[in-house]
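Scroll down for the structure; my scribbles are underneath it.
The values are calculated or read from the model by the stated rules, or taken from the named source; none is laboratory data. The structure displayed is predicted, hence computed values, not measured ones. Methodologically, a virtual Cβ is constructed for each residue, glycine included, from the backbone with ideal geometry; neighbour enumeration extends over all protein chains shown. Heavy atoms of the whole protein, side chains included, go into the accessibility calculation; ligands, DNA and RNA do not. Shrake-Rupley method; radii C 1.70, N 1.55, O 1.52, S 1.80 Å.
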Amino acid sequence: QHVLGSYFAEACTVQIRGSAATAGVPYGALGFLVSELEDEVLGHPLLVLQSVARLLDAHAGGRPIVLLVDHAEELDPMSAAVVTQLARSGAAKIVAGVSEAGGAADQLVRMWSEGRLMRLDVDNFDLEESAGFIGFLLGGRVSRAAAGELWSMTGGNPLALRLLAIEQRNAGTL
């Protein structure tokens, strides 16, 4: 979200989520898009790619398109092919999150090894980084005791830290 806000604030962001439930289903991660396509198109990968590109372009209304891919390691092969081909053609940019780089779709790994994708490893935060991150999320400083408690509960894992901090804010404890 920070990358999107900082570098692609004016873009049309389309969220795509890989999951274990859709990993074995052709175009499973793109179900919300391919559901709008004619049945005869679905049997032809090139027609699917062209149709999805047209849908995204119409939705974007002239703005650049960014595909935010969550759990890219669980993309089905056909969805991964569409996503990477959209990026290769210049029709869209990709911001992808993976739990483990080794689990990412082969096409994404290939683009990274070609220098077409930048890889940014996010390690667990130490206590100071956690306090800064929580402050950023909540829009203000947080006590060292509160930051320490959240850090000890999450081990500094950015995703867990974000979820817990927002949960505690919503509960009124932060």
Check whether at least one residue in the range 155-172 is crowded, with 18+ Cβ neighbours inside 10 Å, of a type in the set (Val, Ile, Thr) and either closer than 21 Å to Gly5 by Cβ or modelled with pLDDT under 95 (or both), and report yes or no. no
Go through (1) under 25 Å from Ala9 (Cβ atoms); (2) in a helix (DSSP H, G or I); (3) open to solvent by less than 50 Å² (accessible area, probe 1.4 Å) one by one and return the number of the condition Ala147 breaks. (1)
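Only one residue in Val83, Val25, Val66, Val14 is touching a Phe, Trp or Tyr at 6+ places or on another chain (Cβ under 7 Å) and within 24 Å of Val109 (Cα to Cα). Which one?
Numbers: Val83 fails: touching a Phe, Trp or Tyr at 6+ places or on another chain (Cβ under 7 Å); Val25 fails: touching a Phe, Trp or Tyr at 6+ places or on another chain (Cβ under 7 Å); Val14 fails: touching a Phe, Trp or Tyr at 6+ places or on another chain (Cβ under 7 Å).
None of the other options fit; the residue is Val66.
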Glu38 vs. criteria acidic (Asp, Glu) and more than 27 Å from Arg119 (Cβ to Cβ): yes
Only one residue in Gln1, Gln15 is surrounded by fewer than 17 Cβ atoms within 10 Å (Cβ to Cβ), closer than 19 Å to Val95 by Cα and in contact with a Leu (Cβ under 6 Å, 6 or more places away or on another chain). Which one? Gln15
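Restricting attention to the range 39-70, which residues are hydrophobic (A, V, I, L, M, F, W, C) and part of a loop (DSSP other than H, G, I, E, B)? Working first, answer last.
We begin by selecting, within the range 39-70, every residue hydrophobic (A, V, I, L, M, F, W, C); these are 41-42, 46-49, 52-53, 55-56, 58, 60, 65-69.
Hits for the range 39-70 are Val41, Leu42.
From Ser113, Ser143, Ser89, which residue is among the polar types (S, T, N, Q) and farther than 30 Å from Leu47 by Cα? First the steps, then the outcome.
Numbers: Ser113 fails: farther than 30 Å from Leu47 by Cα; Ser89 fails: farther than 30 Å from Leu47 by Cα.
Just one listed residue meets the conditions, Ser143.
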Residue identified as farther than 22 Å from Arg162 by Cβ and within 15 Å of the chain's Cα centre (by Cα) among Leu117, Leu46: Leu117
Scanning the range 71-119 residue by residue, the ones that are surrounded by fewer than 17 Cβ atoms within 10 Å (Cβ to Cβ), modelled with pLDDT of 90 or more and not in a loop (DSSP other than H, G, I, E, B) total 2
Take the residues in the range 1-34 that are at pLDDT 90 or above and among the polar types (S, T, N, Q), then tell me which one is nearest to the chain's Cα centre (by Cα). Gln15
List pairs: first residue in the range 104-120 and within 21 Å of Met78 (Cβ to Cβ), second residue open to solvent by 100 Å² or more (accessible area, probe 1.4 Å) anywhere in the structure, Cβ distance under 7 angstrom, at least six positions apart or on different chains. Trp112/Arg119
